[in-house]
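Let me begin by presenting the structure, written as structure tokens, before commenting on it.
Since every read-out is calculated from the coordinates, none of them should be taken as a lab result. Keep in mind that what you see is a predicted model, and the values were worked out from it rather than measured. Cβ: placed from backbone, ideal geometry, glycine included. Neighbour counts: every protein chain shown.
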Amino acid sequence: MEARPILTPAQNREVLSGAIERVSEGSETALAEVYDRTSAKLFGICLRILGDRGEAEDALQEVYVSVWRRAGSFDASRASAITWLAALARNRAIDRLRAAGRPRPTAPIEQGLEVADKGDDALTLLEADEERSRLTHCLGELDATASDAIRSAFFDGFTYAELATRAGVPLATMKSWIRRGLIRLRGCMER
């Protein structure tokens, strides 16, 4: 068996869509191609939902039977081929869970306490939002020249020399505008 060429994601989507279209016309070769390109991903979906390798294998087989029967219902304008296939796999696995009368495997709620949230806590987020609002308000109180220069220097990464050239003023003048603006900004922020 010869190796498949490496394709871009867009090319992969196009090839997979074309293969599903050929499946809708009854091509067994196209079904084999769809299987080769997607079985690992779809098996992972089934296994994650079902939690049992044998059940996942059975669900995967049912997915490809559905692809064979329903390939004509695939509409590339509504979803990508892999999205359509993943939805089939997910739905088939959930159907198997329901048919067996067993709930989806879950961990006890107490284990959630052990999961660390790496994000900032609510108080830190609120303080950062308040600080950002104050900064925006204080920048608005500055004259337009100083406010624009400070925003460009500190938020956009322009050097003082670049700003001076852009404004058509000497470098010392630009530095003075920014320095005076920062002093007024600090005063406003401390209120």
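Test of understanding: what is the full-extension gain from GLU127 to PHE155, defined as 0.36 nm times their sequence separation minus their Cα-Cα distance? Walk me through the numbers on the way to the answer.
Details: separation 28, 0.36 × 28 = 10.08 nm, distance 1.98 nm.
My answer for the length gained is 8.1 nm.
Just grab the label-to-label distance for SER80 and THR136, each label 7 Å out from Cα along the Cβ direction, in nm (one decimal).
Here the answer is 3.3 nm between the modelled labels.
At GLU28 and SER73, where each label point lies 7 Å from the Cα along Cα→Cβ, what is the point-to-point distance in nanometres?
If labels sit at GLU28 and SER73, their model points lie 2.5 nm apart.
Can you classify the stretch 119-191 as rounded, prolate or oblate using the Cα gyration tensor, where a ≥ b ≥ c are the square roots of its eigenvalues, rounded means a/c under 1.5, and otherwise it's prolate if a/b beats b/c and oblate if not? Don't skip to the end; give the middle numbers.
On the way: a/c = 3.28, a/b = 2.01, b/c = 1.63.
Since a/c reaches 1.5 and a/b is larger than b/c, the shape of the stretch 119-191 is classed as prolate.
Quick check: Cα centre of the stretch 84-101 to Cα centre of the stretch 163-191, how many Å?
62 Å
Under a plain spin-label model, where a point goes 7 Å from the Cα along Cα-to-Cβ, how far apart in nm are THR145 and ARG98?
The two pseudo-label positions are separated by 7.0 nm.
Grab the beta carbon distance between SER66 and ALA10, set R0 = 30 Å, and tell me the FRET efficiency rounded to 0.05. Each step should come with its number before you reach the end.
Numbers: r = 26 Å, r/R0 = 0.86.
Efficiency at R0 = 30 Å is approximately 0.70.
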